[in-house]
1. Quick one: count up the residues across the stretch 62-118 that are among the acidic types (Asp, Glu) and surrounded by 17 or more Cβ atoms within 10 Å (Cβ to Cβ).
2. Are any of the residues in the stretch 17-28 farther than 21 Å from Tyr82 by Cα, among the aliphatic types (A, V, I, L, M) and part of a helix (DSSP H, G or I)?
3. For residues that are of a type in the set (Asp, Glu) and in contact with a Lys or Arg (Cβ under 9 Å, 6 or more places away or on another chain), tally how many sit in the stretch 16-37.
4. Regarding Leu39, is this residue on the phi < 0 side of the Ramachandran plot, surrounded by fewer than 14 Cβ atoms within 10 Å (Cβ to Cβ) and in contact with an Asp or Glu (Cβ under 7 Å, 6 or more places away or on another chain)?
5. Under 6 Å by Cβ, and 6 or more places apart or on different chains, what pairs join a residue from the stretch 15-31 that is farther than 17 Å from Thr46 by Cβ with one that is surrounded by 16 or more Cβ atoms within 10 Å (Cβ to Cβ) and modelled with pLDDT under 95?
6. Does Ile107 satisfy being among the β-branched types (Val, Ile, Thr) and touching a strand residue (DSSP E or B) at 6+ places or on another chain (Cβ under 7 Å)?
7. Kindly list, by first and then second residue, each pair from a residue in the stretch 98-118 that is on the phi > 0 side of the Ramachandran plot to a residue that is buried (at least 16 other Cβ atoms within 10 Å of the Cβ) and modelled with pLDDT under 85, limited to pairs with Cβ atoms under 9 Å and residues at least 6 apart or on different chains.
8. Could you tell me which residue of the stretch 42-61 is nearest to Glu27 (Cα to Cα), considering only residues that are surrounded by fewer than 17 Cβ atoms within 10 Å (Cβ to Cβ) and at pLDDT below 85?
Amino acid sequence: MDRIAIGKQTEQLARRYLQHNGLLHKESNYRCRQGEIDLIMEDGNTLVFVEVRYRKSAHFGSAAETVDARKQNRLVNSAQHYLASRNKRNMACRFDVISMSGPLTAIQIDWITDAFIT
């Protein structure tokens, strides 16, 4: 399976996982000049911007560790663009990370809420 197919599969798995845990799906793969947001979900009155990361092995670090300061900045800028384009600037929001590891047949999911502060 190629990288793009694995990415789509893990994003779908993350979406189902979050929906199972009570979040409402709003949009997937939001793209703008600033970057991309994998999933946009709603948790009550809070808009949740979700970064999905997968690593087959944690040998060189966890998938969550790949969401470095540069990636966080791109996510924040993309989220600001989304909020402005949807006229939702005053809506409460947060940034979550879904970190996945292991073989696709037995994947482990870690959900990090409020993964970083803006």
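The values are calculated or read from the model by the stated rules, or taken from the named source; none is laboratory data. Here the structure is a predicted model, which means the values were calculated and not measured. Reconstructed Cβ throughout: ideal geometry from the backbone, glycine too, with neighbour counts over all protein chains shown.
1. Of the residues in the stretch 62-118, 1 are among the acidic types (Asp, Glu) and surrounded by 17 or more Cβ atoms within 10 Å (Cβ to Cβ).
2. Checked against the condition, which is being farther than 21 Å from Tyr82 by Cα, among the aliphatic types (A, V, I, L, M) and part of a helix (DSSP H, G or I), the stretch 17-28 yields no hits at all.
3. Residues meeting the conditions: 1.
4. The answer is no for Leu39.
5. Note: pairs meeting the criteria are Tyr17/Ile109.
6. For Ile107, the condition - among the β-branched types (Val, Ile, Thr) and touching a strand residue (DSSP E or B) at 6+ places or on another chain (Cβ under 7 Å) - is met.
7. The qualifying pairs are Gly102/Arg55.
8. Lys56
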